[in-house]
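Engineer: Below are the structure tokens for one structure; questions will follow.
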Amino acid sequence: MLAGAVTAGHAPGFKWPTSVGDGTFDVLANIAAVPNSSRLPAYWTFNLLLTALLAMHAMWYLMFWRILYRLLTKESAHDAGREEYEGDSDDE
């Protein structure tokens, strides 16, 4: 094996870690370390917006798979999309 070779994007002499930390984890200390509004005003705003974006992505993901399922079960593309985006109402 080449001792000085750079492999997989790692610097020469890189060794994979065999352990992470000392194995302890204090939940209360980590909750206390979360920034609050006096230390970082935009933290909660940005996290709220990112959570809303995550929820929208989950909704779009489910919507996509429902339409794909309807297409694969031999329903017309127009009907599958109309039911998903406009609901199941009988009004045309």
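Engineer: Please work out if TRP16 is surrounded by 10 or more Cβ atoms within 10 Å (Cβ to Cβ), at pLDDT below 80 and of a type outside the set (D, E, K, R). So that I can check it myself, show each step before the final result.
Structural biologist: Values: surrounded by 10 or more Cβ atoms within 10 Å (Cβ to Cβ): no; at pLDDT below 80: yes; of a type outside the set (D, E, K, R): yes.
For TRP16, the condition - surrounded by 10 or more Cβ atoms within 10 Å (Cβ to Cβ), at pLDDT below 80 and of a type outside the set (D, E, K, R) - is not met.
Engineer: Of all residues in region 39-92 being part of a helix (DSSP H, G or I), at pLDDT below 75 and exposed (fewer than 12 other Cβ atoms within 10 Å of the Cβ), which is farthest from the chain's Cα centre (by Cα)?
Structural biologist: It comes out as GLU86.
The values are calculated or read from the model by the stated rules, or taken from the named source; none is laboratory data. Given the structure is predicted, the values throughout are model-derived calculations rather than measurements. As a convention, Cβ positions derive from the backbone with ideal geometry for all residues, glycine included, and neighbour counts pool all protein chains shown.
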